[in-house]
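See below for the structure under consideration.
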Amino acid sequence: MFVCLCHPFSDKKVKEHLEKSQGRARVGEVYSACSEGNKPNCCQCLETLKDIVKTHNNTITA
Ligand code: FES
């Protein structure tokens with residue numbers, strides 16, 4: 001599933017990045033990593049991205 005259409009990346013790519021973050025991921029940093037350094041354009045994907053990051057961080061027990 002594509003999360004962002006402005007700088008297209010999928011939820012799979014987001015999860016790959018989150019695996020390396022050990023529960024300390026930040027939305028802006030995840031966006032940048034997944035979009036090869038770009039900033040959000042229309043920002044419509046950010047709520048979805050926030051949900052994925054929050055869910056992931058809450059399931060990690062560091
Ligand atoms: S859909 Fe992600 S910035 Fe537009």
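Rule-based calculations on the coordinates, nothing more; no lab input. Just so you know, these numbers come straight off a predicted model, no measurement behind them. Methodologically, a virtual Cβ is constructed for each residue, glycine included, from the backbone with ideal geometry; neighbour enumeration extends over all protein chains shown.
Values computed for the structure shown
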{"item": "Count of segment 1-58 residues which are without any contact (Cβ under 8 Å) to a residue 40 or more places away in the chain and in a helix (DSSP H, G or I)", "result": "26"}
{"item": "Those residues of segment 24-38 which are more than 12 Å from the chain's Cα centre (by Cα) and surrounded by 11 or more Cβ atoms within 10 Å (Cβ to Cβ), in sequence order", "result": "Asn38"}
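Results for (1) away from the ligand (no atom under 14 Å from the Cβ); (2) under 12 Å from Cys4 (Cα atoms); (3) out of contact with any strand residue (DSSP E or B) (no Cβ under 8 Å at 6 or more places or on another chain), shown as yes or no for each residue.
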position	(1), (2), (3)
Glu16	yes, no, yes
Arg24	yes, no, yes
Val27	no, no, yes
Cys42	no, yes, yes
Ile52	no, no, no
Thr55	yes, no, yes
